[in-house]
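For reference, the structure is listed below as structure tokens.
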Amino acid sequence: MITRRELLSGVAGCAGAATFTSAFTSALAPPASAFPGPDTVRLEELASTGLADIEAQVRVVSADQSELCKINRDFGMAYRLRNLTMRYKEPNKLRMEGSIGCIIVNGSMRHFKVPALKLSKKDDMGDMPGKRYTLMDVGLLTRTALAGMQSRFLRDEKIGEIAARVFEITYRGDESVRYQIWIDPRTHVIAKRVWHDGAGKLKATFLYQEPKQVGPDLWVPTRIEIRNTEDVVAAVTAYSDVKVNQGLDDSLFQIA
């Protein structure tokens with residue numbers, strides 16, 4: 001058997017040890033095509049497909065209004081409803097309704113109505129796509145939501161037991177928000193989402209946990225944990241009785 005010293009000596013006599021070392025390590029390295037490059041990993045391939053609408057029962061496991069307010073002033077409103085029914089229809093239509101009130105989002109328009117708290121508020125969130133409600137808020141990406149996004153593959157990274165793919169997301173024509181997401185290529189569920197404002201300041205971190213299969217090739221997370229800028233758990237919600245593609249009527253999302 002040729003020893004390592006003999007091999008190095010022989011090569012040194014011909015072309016020099018440095019040349020051999022470079023050639024040897026190059027030969028051992030896998031070809032560049034073996035690793036996904038920034039241009040070969042596309043977020044569109046990881047989007048949930050065939051999802052037109054979704055309905056679920058949502059239970060607020062915990063909610064600390066003082067910690068939620070550190071994310072932004074209105075962030076805690078939905079968590080005042082406690083147990084509620086969430087309905088979403090593509091594109092950008094949301095209704096969250098509980099025993100004490102409801103929140104409706106339709107495009108840029110939003111309406112909070114909680115009679116028990118004497119709260120009724122309508123506002124227009126404007127044209128910025130980053131302010132629109134999408135299923136990314138519950139840990140899913142759809143092709144409709146991706147239409148207004150720009151994405152950049154960053155790296156592969158393990159998060160728990162998930163070999164996730166990490167992307168940076170921005171919106172065309174909207175510099176007010178930026179996300180990093182860790183997405184599971186097996187279930188197409190977002191495992192983690194980090195929210196920054198336009199200046200790069202951390203706003204919140206979302207952890208999407210306990211995914212459950214609800215249809216052919218369609219998974220949804222059933223537990224969502226929200227951490228504020230101080231990495232404090234501000235709220236936890238649990239999702240159950242998930243139904244998809246029921247043909248939800250547009251009238252559910254009308255704002256008078």
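The values are calculated or read from the model by the stated rules, or taken from the named source; none is laboratory data. Bear in mind the structure is a predicted one, so any value in this text is a computation, not a measurement. Cβ placement follows ideal geometry from the backbone for every residue including glycine, while neighbour counts extend to all protein chains displayed. Each accessible area value is taken on the protein alone, full model and side chains, heavy atoms only, with ligands, DNA and RNA left out. Shrake-Rupley method; radii C 1.70, N 1.55, O 1.52, S 1.80 Å.
From the residues in the range 151-184 that are touching a residue at least 60 places away in the same chain (Cβ under 8 Å) and in contact with a helix residue (DSSP H, G or I) (Cβ under 6 Å, 6 or more places away or on another chain), which one is most open to solvent (accessible area, probe 1.4 Å)? This residue is SER151. For GLY200, the criteria (1) part of a strand (DSSP E or B); (2) over 22 Å from TYR239 (Cβ atoms) hold in every case but one, which is (1). Take the residues of the range 33-47 that are among the hydrophobic types (A, V, I, L, M, F, W, C) and open to solvent by less than 30 Å² (accessible area, probe 1.4 Å): which is modelled with the lowest pLDDT? Across the range 33-47, the extreme among qualifying residues is VAL41.
Identify, from the list PRO91, PRO185, the residue that is touching a Lys or Arg at 6+ places or on another chain (Cβ under 7 Å) and closer than 21 Å to VAL214 by Cα. Lay out the reasoning, then the answer.
On the way: PRO91 fails: touching a Lys or Arg at 6+ places or on another chain (Cβ under 7 Å).
Just one listed residue meets the conditions, PRO185.
Tell me, which residue of the range 185-225 that is free of Cβ contacts under 8 Å to residues at least 24 places away in the same chain, of a type in the set (A, V, I, L, M, F, W, C) and farther than 18 Å from VAL61 by Cβ is surrounded by the most Cβ atoms within 10 Å (Cβ to Cβ)? Ranking the candidates gives TRP195 first. Any idea which residue in the range 226-237 is farthest from ARG186 (Cα to Cα), counting only those that are part of a strand (DSSP E or B) and either open to solvent by less than 20 Å² (accessible area, probe 1.4 Å) or aromatic (Phe, Trp, Tyr) (or both)? Applying the filter and picking the extreme gives ALA234.
Among the strands (runs of 3 or more DSSP E) contained in the range 48-129, which hold 3 or more residues that are of a type outside the set (Val, Ile, Thr) and open to solvent by 30 Å² or more (accessible area, probe 1.4 Å)? Step through it out loud before you land on a result.
Details: elements: 53-63, 84-89, 93-98, 101-106, 109-114, 119-124.
Result: 53-63, 93-98, 109-114, 119-124.
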